[in-house]
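Here's the structure we're looking at; comments come further down.
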């Protein structure tokens, strides 16, 4: 850990800032005046020195001006997600830090699979399928349960105090710690309504979608939940599932905000899980998005969760409970059909698209 800390404490160089700039998508997330990263990349010979001086001044303690840290929330009809345009300059600061976190996070984060170099989403998918298959084929009288959690507005609900505590617990150097909290706490927002920005308002929690550092902050905070579960295993109160007698214990699978937790289907285990989740929700600001035998019903009532016969999909892949049939992967076929339909629509002229709509 000493090596990682030394790496994080190194002075910010012009080359590091330039690399962060050119790592950013050229035409993604313009600032409110319309400038993309492409503008700064193409004019780097002219603007580079000024940009580097400003970024270095932030790391030396200069506060990020609220005017440079404003977010426009654009309401787009018929979309599930709001489009957000964020100011570009603080994004560059966050990108510099994100590039450093990318190097040290594989050693800092334990079970999490998302956004960590060298870890793959397919590892979680395969392991989840194997565990569910093992539970379905179990004939030895052992009863296990799988709890799939959907965090409501995972980024938006994250407590700033919790982020602050997570950075401290991870041993992040103070100057980086201060820059991160300054960038988060100085943010303001406006809703762009019919092309006109509304009055500014200041959030008191949450991190931004589209910020290069947000995934790392979220993963760092989720590490607490994994630590709580691991602590229960170490003291013998948490009973994880094992796929074989000599196999490793499997207690949870985390990929960003996609969570699946495994333990024995017993009331005492359910109560332990409920207490861990309650503690995590209290300190993090998160909460669950909620929409037979006696034990099954009791556990469902204890959590207030909906009891289902099928856990649906995990990381976009259906969790298989029964034998595989030709209908099992209909979800994949439907995705391909929707993609083909969108391609067909692009062939139409503007007038044709209006007629189709």
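FYI, it's all coordinate maths here, none of it is from the lab. Treat the numbers as computed from the prediction; the structure is a model and nothing was measured. We place every Cβ from the backbone using ideal geometry, glycine too, and count neighbours over all the protein chains shown.
Observations, loosely collected:
- Theoretical gain in end-to-end length, residue 235 to residue 137 [0.36 nm per residue, Cα-Cα removed]: 32.4 nm
- Peptides 175-184, 239-248, 120-129 ranked from most to least packed by the mean count of surrounding Cβ atoms within 10 Å: 175-184, 120-129, 239-248.
- Residue 274-residue 107 pseudo-label distance in nm [points 7 Å out on the Cα-to-Cβ vector]: 4.2
- Put a dot 7 Å past the Cα of residue 19, heading toward its Cβ, do the same for residue 193, and the two dots end up 4.6 nm apart.
- Take the Cβ atoms of residue 45 and residue 244, set R0 to 45 Å, and the FRET efficiency comes out at 0.15.
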